[in-house]
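Q: Quick one: the structure is below, and I'll ask about it shortly.
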Amino acid sequence: MLLKNLKELQSSKQSKALKLKILYKLIAENGPIKTETLTELAQMKPATCARLLDELCHLELITTAELGESTGGRKPILYNINTEGVFLIGIELSKVYSTLVLMDLKLNMLDKIKLAPEPYLSASEMTQRLLPQIDSLLLKNNTSYHQVLGLGISIEHVVEHRLAFKSLDEEFREFETLLRKEIPTYVTVGSGVNFAALAEYRLYYRQKTQRFLFTSCDTEVRGCAIIGNQFLTDTSRAINCFGHMTIDVKGSLCECGSYGCLNTLCSLDAIKDNVTHQIRRGKDSVLTSLIDKDEEITYHAIFQAIEMCDPLCIDVLEEAAYFYGLAIANSILMLQPDIVVCGGTLIPKHNFFSTVKKTIENKLTLFPEIKTQIYPANHAYEIVSQGAGAMVLEHLVN
(Lines give C-alpha, C1' and ligand atoms only; values in the text may rest on other atoms or scores of the structure.)
Protein backbone atom coordinates (compact mmCIF):
# COMPACT_ATOMS: atom_id res chain seq x y z
CA MET A 1 0.00 0.00 0.00
CA LEU A 2 2.82 2.44 0.88
CA LEU A 3 4.61 1.91 -2.43
CA LYS A 4 1.34 2.27 -4.37
CA ASN A 5 0.54 5.55 -2.60
CA LEU A 6 4.07 6.89 -3.18
CA LYS A 7 3.84 6.20 -6.90
CA GLU A 8 0.38 7.77 -7.14
CA LEU A 9 1.69 10.88 -5.38
CA GLN A 10 4.63 11.05 -7.79
CA SER A 11 2.47 10.81 -10.90
CA SER A 12 -0.24 13.25 -9.80
CA LYS A 13 -0.12 16.79 -11.24
CA GLN A 14 -2.99 18.20 -9.17
CA SER A 15 -2.42 21.35 -7.16
CA LYS A 16 -3.02 19.55 -3.86
CA ALA A 17 -0.57 16.80 -4.82
CA LEU A 18 2.13 19.40 -5.40
CA LYS A 19 1.58 20.75 -1.87
CA LEU A 20 1.68 17.21 -0.49
CA LYS A 21 5.00 16.65 -2.28
CA ILE A 22 6.41 19.84 -0.75
CA LEU A 23 5.51 18.65 2.74
CA TYR A 24 6.71 15.11 2.11
CA LYS A 25 10.07 16.38 0.84
CA LEU A 26 10.51 18.64 3.86
CA ILE A 27 9.71 15.77 6.22
CA ALA A 28 12.09 13.43 4.33
CA GLU A 29 14.91 15.98 4.58
CA ASN A 30 14.27 17.28 8.10
CA GLY A 31 12.33 14.60 9.97
CA PRO A 32 11.53 14.02 12.72
CA ILE A 33 9.98 17.49 12.60
CA LYS A 34 7.10 19.26 14.35
CA THR A 35 4.12 21.01 12.72
CA GLU A 36 5.22 24.55 13.54
CA THR A 37 8.59 24.07 11.83
CA LEU A 38 6.93 22.49 8.79
CA THR A 39 4.47 25.37 8.52
CA GLU A 40 7.33 27.85 8.52
CA LEU A 41 9.49 25.96 6.03
CA ALA A 42 6.58 25.28 3.64
CA GLN A 43 5.29 28.85 3.99
CA MET A 44 1.75 27.56 4.46
CA LYS A 45 -1.07 28.60 6.73
CA PRO A 46 -1.22 26.44 9.88
CA ALA A 47 -4.70 25.13 9.01
CA THR A 48 -3.61 24.19 5.47
CA CYS A 49 -0.47 22.47 6.72
CA ALA A 50 -2.41 20.52 9.37
CA ARG A 51 -4.98 19.35 6.80
CA LEU A 52 -2.29 18.19 4.38
CA LEU A 53 -0.41 16.40 7.17
CA ASP A 54 -3.60 14.54 8.05
CA GLU A 55 -3.88 13.40 4.44
CA LEU A 56 -0.25 12.24 4.34
CA CYS A 57 -0.92 10.28 7.53
CA HIS A 58 -4.09 8.77 6.03
CA LEU A 59 -2.07 7.66 3.00
CA GLU A 60 0.46 6.14 5.43
CA LEU A 61 3.26 8.15 3.78
CA ILE A 62 4.33 9.66 7.11
CA THR A 63 4.30 8.54 10.74
CA THR A 64 3.60 10.31 14.03
CA ALA A 65 5.18 7.77 16.36
CA GLU A 66 7.57 10.21 18.02
CA LEU A 67 7.06 13.06 20.46
CA GLY A 68 9.32 16.07 20.84
CA GLU A 69 10.48 17.81 23.99
CA SER A 70 7.87 19.80 25.87
CA THR A 71 8.37 23.52 26.50
CA GLY A 72 5.83 23.51 29.31
CA GLY A 73 2.70 22.02 27.82
CA ARG A 74 1.84 18.92 25.83
CA LYS A 75 4.71 17.27 23.97
CA PRO A 76 4.60 18.15 20.23
CA ILE A 77 4.04 15.43 17.64
CA LEU A 78 7.04 14.79 15.41
CA TYR A 79 6.50 13.73 11.81
CA ASN A 80 8.77 11.39 9.86
CA ILE A 81 8.44 9.54 6.56
CA ASN A 82 7.20 5.97 6.69
CA THR A 83 9.94 3.58 5.53
CA GLU A 84 8.17 0.31 6.32
CA GLY A 85 8.48 -2.28 3.59
CA VAL A 86 9.69 0.04 0.78
CA PHE A 87 13.27 0.07 -0.47
CA LEU A 88 15.70 1.87 -2.77
CA ILE A 89 18.56 0.35 -4.75
CA GLY A 90 21.69 2.36 -5.51
CA ILE A 91 24.49 1.13 -7.77
CA GLU A 92 27.94 2.47 -8.60
CA LEU A 93 29.86 0.84 -11.45
CA SER A 94 33.55 1.72 -11.24
CA LYS A 95 36.93 0.72 -12.65
CA VAL A 96 38.11 0.12 -9.06
CA TYR A 97 35.13 -1.98 -7.89
CA SER A 98 31.37 -1.79 -8.14
CA THR A 99 28.82 -1.56 -5.34
CA LEU A 100 25.12 -2.45 -5.10
CA VAL A 101 23.33 -1.13 -2.02
CA LEU A 102 19.85 -1.88 -0.68
CA MET A 103 18.56 0.92 1.54
CA ASP A 104 15.39 2.27 3.12
CA LEU A 105 13.76 5.59 2.25
CA LYS A 106 15.97 7.38 4.82
CA LEU A 107 19.04 6.15 2.86
CA ASN A 108 20.09 3.81 5.66
CA MET A 109 22.09 0.93 4.17
CA LEU A 110 20.50 -2.47 4.80
CA ASP A 111 22.79 -4.66 2.68
CA LYS A 112 25.37 -4.39 -0.08
CA ILE A 113 27.20 -6.44 -2.70
CA LYS A 114 30.72 -5.68 -3.95
CA LEU A 115 31.73 -6.66 -7.49
CA ALA A 116 35.18 -6.95 -9.02
CA PRO A 117 36.05 -4.32 -11.65
CA GLU A 118 35.36 -5.06 -15.30
CA PRO A 119 36.79 -3.71 -18.54
CA TYR A 120 34.49 -1.51 -20.58
CA LEU A 121 31.13 -3.16 -21.25
CA SER A 122 28.41 -2.03 -23.62
CA ALA A 123 25.06 -0.93 -22.18
CA SER A 124 23.59 -4.30 -23.12
CA GLU A 125 26.46 -6.22 -21.48
CA MET A 126 26.21 -4.13 -18.31
CA THR A 127 22.48 -4.81 -18.16
CA GLN A 128 22.94 -8.56 -18.44
CA ARG A 129 25.70 -8.54 -15.82
CA LEU A 130 23.74 -6.45 -13.32
CA LEU A 131 20.33 -8.13 -13.42
CA PRO A 132 21.41 -11.37 -11.65
CA GLN A 133 23.26 -9.36 -8.99
CA ILE A 134 20.19 -7.22 -8.28
CA ASP A 135 18.04 -10.35 -8.10
CA SER A 136 20.53 -11.89 -5.67
CA LEU A 137 20.51 -8.79 -3.43
CA LEU A 138 16.70 -8.77 -3.30
CA LEU A 139 16.44 -12.52 -2.69
CA LYS A 140 19.01 -12.36 0.10
CA ASN A 141 16.82 -9.79 1.88
CA ASN A 142 13.51 -11.58 1.25
CA THR A 143 12.12 -8.82 -0.93
CA SER A 144 11.30 -8.18 -4.61
CA TYR A 145 10.89 -5.40 -7.16
CA HIS A 146 7.30 -5.00 -5.94
CA GLN A 147 8.74 -3.36 -2.81
CA VAL A 148 11.35 -1.21 -4.59
CA LEU A 149 10.49 2.45 -5.24
CA GLY A 150 13.29 2.83 -7.76
CA LEU A 151 16.88 2.16 -8.77
CA GLY A 152 19.64 4.72 -9.34
CA ILE A 153 22.94 3.91 -11.01
CA SER A 154 26.23 5.65 -11.78
CA ILE A 155 28.25 4.34 -14.73
CA GLU A 156 30.50 7.14 -16.01
CA HIS A 157 33.68 5.73 -14.47
CA VAL A 158 33.43 2.65 -16.68
CA VAL A 159 32.43 4.33 -19.94
CA GLU A 160 33.95 7.82 -20.08
CA HIS A 161 37.24 6.94 -21.83
CA ARG A 162 35.54 4.70 -24.39
CA LEU A 163 33.03 7.17 -25.80
CA ALA A 164 34.15 7.84 -29.35
CA PHE A 165 30.90 8.61 -31.12
CA LYS A 166 28.37 9.59 -28.45
CA SER A 167 28.19 11.74 -25.34
CA LEU A 168 28.02 10.60 -21.75
CA ASP A 169 24.38 11.74 -21.66
CA GLU A 170 23.61 9.47 -24.62
CA GLU A 171 25.29 6.54 -22.87
CA PHE A 172 23.22 7.28 -19.75
CA ARG A 173 19.96 7.29 -21.71
CA GLU A 174 20.76 4.11 -23.66
CA PHE A 175 21.57 2.20 -20.48
CA GLU A 176 18.52 3.66 -18.72
CA THR A 177 16.23 2.56 -21.56
CA LEU A 178 17.56 -1.00 -21.50
CA LEU A 179 17.20 -1.30 -17.73
CA ARG A 180 13.63 0.05 -17.78
CA LYS A 181 12.68 -2.72 -20.21
CA GLU A 182 14.01 -5.35 -17.79
CA ILE A 183 13.23 -3.88 -14.37
CA PRO A 184 9.61 -3.24 -13.26
CA THR A 185 10.33 -0.06 -11.31
CA TYR A 186 11.64 3.47 -11.86
CA VAL A 187 15.27 3.64 -13.08
CA THR A 188 17.59 6.65 -13.32
CA VAL A 189 21.17 6.70 -14.62
CA GLY A 190 23.40 9.67 -13.86
CA SER A 191 26.57 11.21 -12.52
CA GLY A 192 28.35 9.59 -9.61
CA VAL A 193 29.66 12.87 -8.23
CA ASN A 194 26.16 14.38 -8.27
CA PHE A 195 24.82 11.29 -6.52
CA ALA A 196 27.55 11.41 -3.88
CA ALA A 197 27.10 15.15 -3.31
CA LEU A 198 23.35 14.72 -2.87
CA ALA A 199 23.75 11.89 -0.35
CA GLU A 200 26.37 13.74 1.71
CA TYR A 201 24.31 16.92 1.70
CA ARG A 202 21.00 15.29 2.60
CA LEU A 203 22.37 12.92 5.21
CA TYR A 204 24.78 15.17 7.05
CA TYR A 205 24.87 18.84 6.06
CA ARG A 206 21.54 20.16 4.79
CA GLN A 207 20.58 21.71 8.13
CA LYS A 208 24.03 23.29 8.49
CA THR A 209 24.47 25.14 5.19
CA GLN A 210 22.97 26.28 1.90
CA ARG A 211 26.42 26.54 0.26
CA PHE A 212 27.99 23.11 -0.16
CA LEU A 213 30.84 21.79 -2.33
CA PHE A 214 31.58 18.11 -2.87
CA THR A 215 34.73 16.90 -4.62
CA SER A 216 35.81 13.39 -5.51
CA CYS A 217 39.33 12.12 -6.22
CA ASP A 218 39.05 8.81 -8.00
CA THR A 219 39.77 7.54 -11.50
CA GLU A 220 38.72 11.07 -12.47
CA VAL A 221 38.68 14.20 -10.30
CA ARG A 222 35.24 15.75 -10.13
CA GLY A 223 33.33 18.42 -8.28
CA CYS A 224 29.70 19.33 -7.60
CA ALA A 225 28.29 22.38 -5.80
CA ILE A 226 24.84 22.59 -4.19
CA ILE A 227 23.76 26.18 -3.61
CA GLY A 228 20.36 26.93 -2.11
CA ASN A 229 19.29 23.25 -2.32
CA GLN A 230 19.98 23.18 -6.07
CA PHE A 231 22.83 21.72 -8.10
CA LEU A 232 24.92 24.61 -9.40
CA THR A 233 25.40 22.58 -12.60
CA ASP A 234 24.00 19.16 -13.35
CA THR A 235 25.03 18.28 -16.90
CA SER A 236 27.49 15.50 -17.72
CA ARG A 237 29.82 18.06 -19.33
CA ALA A 238 29.96 20.25 -16.22
CA ILE A 239 30.90 17.41 -13.85
CA ASN A 240 34.17 16.90 -15.74
CA CYS A 241 35.28 20.55 -15.51
CA PHE A 242 36.83 20.36 -12.04
CA GLY A 243 39.35 17.74 -13.16
CA HIS A 244 40.47 20.00 -16.02
CA MET A 245 41.45 22.93 -13.82
CA THR A 246 45.02 23.86 -14.79
CA ILE A 247 47.39 23.48 -11.84
CA ASP A 248 50.82 23.16 -13.49
CA VAL A 249 51.30 24.69 -16.97
CA LYS A 250 54.52 22.70 -17.31
CA GLY A 251 52.82 19.46 -16.38
CA SER A 252 51.80 16.45 -18.46
CA LEU A 253 49.54 16.67 -21.49
CA CYS A 254 45.90 16.01 -20.65
CA GLU A 255 43.40 14.29 -22.93
CA CYS A 256 41.63 17.66 -23.27
CA GLY A 257 44.73 19.11 -25.01
CA SER A 258 45.93 21.28 -22.11
CA TYR A 259 48.94 20.75 -19.88
CA GLY A 260 48.92 20.18 -16.13
CA CYS A 261 45.20 19.57 -15.59
CA LEU A 262 44.23 18.27 -12.16
CA ASN A 263 43.39 14.85 -13.62
CA THR A 264 47.03 14.46 -14.73
CA LEU A 265 48.29 15.19 -11.21
CA CYS A 266 46.12 13.44 -8.64
CA SER A 267 43.67 10.98 -10.20
CA LEU A 268 44.17 7.25 -9.64
CA ASP A 269 45.51 6.95 -13.17
CA ALA A 270 47.98 9.79 -12.53
CA ILE A 271 49.18 8.14 -9.33
CA LYS A 272 49.63 4.80 -11.08
CA ASP A 273 51.52 6.43 -13.96
CA ASN A 274 53.77 8.32 -11.54
CA VAL A 275 54.56 5.21 -9.47
CA THR A 276 55.28 3.20 -12.62
CA HIS A 277 57.56 5.94 -13.97
CA GLN A 278 59.52 6.13 -10.70
CA ILE A 279 60.05 2.34 -10.57
CA ARG A 280 61.24 2.30 -14.19
CA ARG A 281 63.79 4.94 -13.23
CA GLY A 282 65.15 2.53 -10.63
CA LYS A 283 63.48 3.79 -7.44
CA ASP A 284 63.08 1.17 -4.69
CA SER A 285 59.55 0.09 -3.78
CA VAL A 286 57.74 -2.73 -2.01
CA LEU A 287 55.74 -3.05 -5.21
CA THR A 288 58.57 -4.94 -6.90
CA SER A 289 58.00 -7.80 -4.45
CA LEU A 290 54.24 -7.78 -5.07
CA ILE A 291 54.34 -7.95 -8.87
CA ASP A 292 56.47 -9.70 -11.48
CA LYS A 293 56.78 -6.75 -13.88
CA ASP A 294 55.85 -3.09 -13.82
CA GLU A 295 53.07 -3.60 -16.39
CA GLU A 296 51.18 -5.43 -13.62
CA ILE A 297 51.00 -2.39 -11.34
CA THR A 298 47.36 -1.78 -10.40
CA TYR A 299 45.49 0.57 -8.08
CA HIS A 300 45.05 -2.27 -5.60
CA ALA A 301 48.76 -3.14 -5.63
CA ILE A 302 49.61 0.50 -4.89
CA PHE A 303 47.06 0.57 -2.04
CA GLN A 304 48.63 -2.58 -0.63
CA ALA A 305 52.10 -1.02 -0.81
CA ILE A 306 50.80 2.10 0.98
CA GLU A 307 49.41 -0.09 3.78
CA MET A 308 52.92 -1.58 4.02
CA CYS A 309 54.28 2.00 4.42
CA ASP A 310 56.17 1.96 1.13
CA PRO A 311 58.04 5.33 0.96
CA LEU A 312 57.74 5.68 -2.82
CA CYS A 313 53.98 5.12 -2.96
CA ILE A 314 53.40 7.34 0.07
CA ASP A 315 55.43 10.19 -1.49
CA VAL A 316 53.41 9.94 -4.72
CA LEU A 317 50.17 9.86 -2.73
CA GLU A 318 51.12 12.96 -0.72
CA GLU A 319 52.10 14.87 -3.86
CA ALA A 320 48.72 14.03 -5.39
CA ALA A 321 46.99 15.19 -2.19
CA TYR A 322 48.88 18.50 -2.36
CA PHE A 323 47.68 19.24 -5.90
CA TYR A 324 44.13 18.16 -5.03
CA GLY A 325 44.17 20.53 -2.04
CA LEU A 326 45.34 23.43 -4.23
CA ALA A 327 42.44 22.87 -6.64
CA ILE A 328 39.91 22.78 -3.81
CA ALA A 329 41.37 25.97 -2.33
CA ASN A 330 40.98 27.69 -5.71
CA SER A 331 37.35 26.57 -5.86
CA ILE A 332 36.73 27.85 -2.33
CA LEU A 333 38.05 31.28 -3.34
CA MET A 334 35.55 31.38 -6.22
CA LEU A 335 32.45 29.78 -4.68
CA GLN A 336 33.06 30.46 -0.96
CA PRO A 337 31.07 27.45 0.28
CA ASP A 338 30.46 27.01 3.99
CA ILE A 339 31.34 23.32 3.84
CA VAL A 340 33.54 21.25 1.53
CA VAL A 341 33.42 17.45 1.61
CA CYS A 342 36.18 15.38 0.00
CA GLY A 343 35.18 11.96 -1.26
CA GLY A 344 36.47 9.19 -3.48
CA THR A 345 38.67 6.11 -3.17
CA LEU A 346 41.79 8.02 -2.06
CA ILE A 347 40.34 9.90 0.92
CA PRO A 348 40.72 7.06 3.48
CA LYS A 349 44.21 6.12 2.26
CA HIS A 350 47.10 6.81 4.68
CA ASN A 351 47.32 10.60 5.32
CA PHE A 352 45.80 11.70 1.99
CA PHE A 353 42.94 13.69 3.55
CA SER A 354 45.10 15.33 6.23
CA THR A 355 47.52 16.51 3.52
CA VAL A 356 44.61 17.86 1.45
CA LYS A 357 43.19 19.74 4.42
CA LYS A 358 46.57 21.18 5.45
CA THR A 359 47.21 22.38 1.88
CA ILE A 360 43.82 24.12 1.76
CA GLU A 361 44.35 25.78 5.13
CA ASN A 362 47.82 27.03 4.12
CA LYS A 363 46.45 28.45 0.86
CA LEU A 364 43.63 30.28 2.65
CA THR A 365 45.67 31.85 5.47
CA LEU A 366 45.67 35.16 3.59
CA PHE A 367 41.86 35.14 3.58
CA PRO A 368 40.89 34.91 7.28
CA GLU A 369 37.32 36.01 6.53
CA ILE A 370 36.71 32.72 4.69
CA LYS A 371 35.59 30.20 7.32
CA THR A 372 35.00 27.17 5.07
CA GLN A 373 35.04 23.85 6.93
CA ILE A 374 36.66 20.81 5.31
CA TYR A 375 35.45 17.25 5.98
CA PRO A 376 36.12 13.75 4.60
CA ALA A 377 33.16 11.98 3.07
CA ASN A 378 31.12 9.70 5.30
CA HIS A 379 30.92 6.05 4.18
CA ALA A 380 33.38 6.97 1.43
CA TYR A 381 33.04 3.63 -0.35
CA GLU A 382 29.22 3.53 -0.54
CA ILE A 383 28.24 7.20 -0.75
CA VAL A 384 27.73 7.16 -4.54
CA SER A 385 25.34 4.22 -4.25
CA GLN A 386 23.46 5.97 -1.44
CA GLY A 387 23.21 9.10 -3.57
CA ALA A 388 21.83 7.05 -6.45
CA GLY A 389 19.00 6.05 -4.12
CA ALA A 390 18.56 9.66 -3.03
CA MET A 391 18.13 10.69 -6.68
CA VAL A 392 15.16 8.30 -6.91
CA LEU A 393 13.56 10.19 -4.01
CA GLU A 394 14.28 13.48 -5.78
CA HIS A 395 12.33 12.15 -8.76
CA LEU A 396 9.42 11.31 -6.45
CA VAL A 397 9.06 14.77 -4.94
CA ASN A 398 10.10 16.91 -7.92
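The values are calculated or read from the model by the stated rules, or taken from the named source; none is laboratory data. Fair warning: this is a prediction, and the values are worked out from it, not measured in the lab. Heads up, the Cβs are rebuilt from the backbone with ideal geometry, glycines too, and the neighbour counts pull from every protein chain shown. The accessibility values were calculated without ligands, DNA or RNA, using every heavy atom of the protein model including side chains. Shrake-Rupley method; radii C 1.70, N 1.55, O 1.52, S 1.80 Å.
Q: Taking the mean number of other Cβ atoms within 10 Å as a proxy for protection, how do you rank 384-397, 250-263, 178-191, 333-346 from highest to lowest?
A: Averaged packing, sorted descending, gives the order 384-397, 333-346, 178-191, 250-263.
Q: To continue, here is another question. For the stretch 180-253, just run the numbers: alpha carbon Rg, then divide by 2.2 N^0.38 Å, N being how many residues it has.
A: 1.34
Q: Here's a follow-up. Where only protein heavy atoms count, and the probe is 1.4 Å, what is the accessible area per residue for the chain in Å²?
A: Result: 47 Å² of accessible area for each residue.
Q: Here is a further query. Please name which of 201, 254, 215 has its Cα lying farthest along the dipole of the stretch 189-300 towards the positive end, using unit charges on Cβ (Lys, Arg +1; Asp, Glu -1) and the Cα centre as origin.
A: The residue sitting farthest along the positive end of the dipole is 201.
Q: Okay, next question. How large, in Å, is the chain by the Kirkwood hydrodynamic radius built from its alpha-carbon pairs?
A: Over the chain, the inverse of the mean reciprocal pair distance is 22.7 Å.
Q: Could you give me the radius of gyration and the Dmax of the stretch 281-398, taking only the C-alpha atoms into account and expressing both in angstrom?
A: When restricted to Cα atoms, the stretch 281-398 yields Rg and Dmax of 17.9, 58 Å.
Q: Roughly how big is the chain's charge dipole about its Cα centre, with Cβ charges of +1 (Lys, Arg) and -1 (Asp, Glu), in debye to the nearest 20?
A: For the chain, the charge dipole is close to 1240 debye.
Q: Still on this structure, please answer the following. Can you list the DSSP H helices in the chain whose Cα atoms extend at least 30 Å along the helix axis and whose mean Kyte-Doolittle hydropathy is 0.0 or higher?
A: TM-like helix candidates: 311-335.
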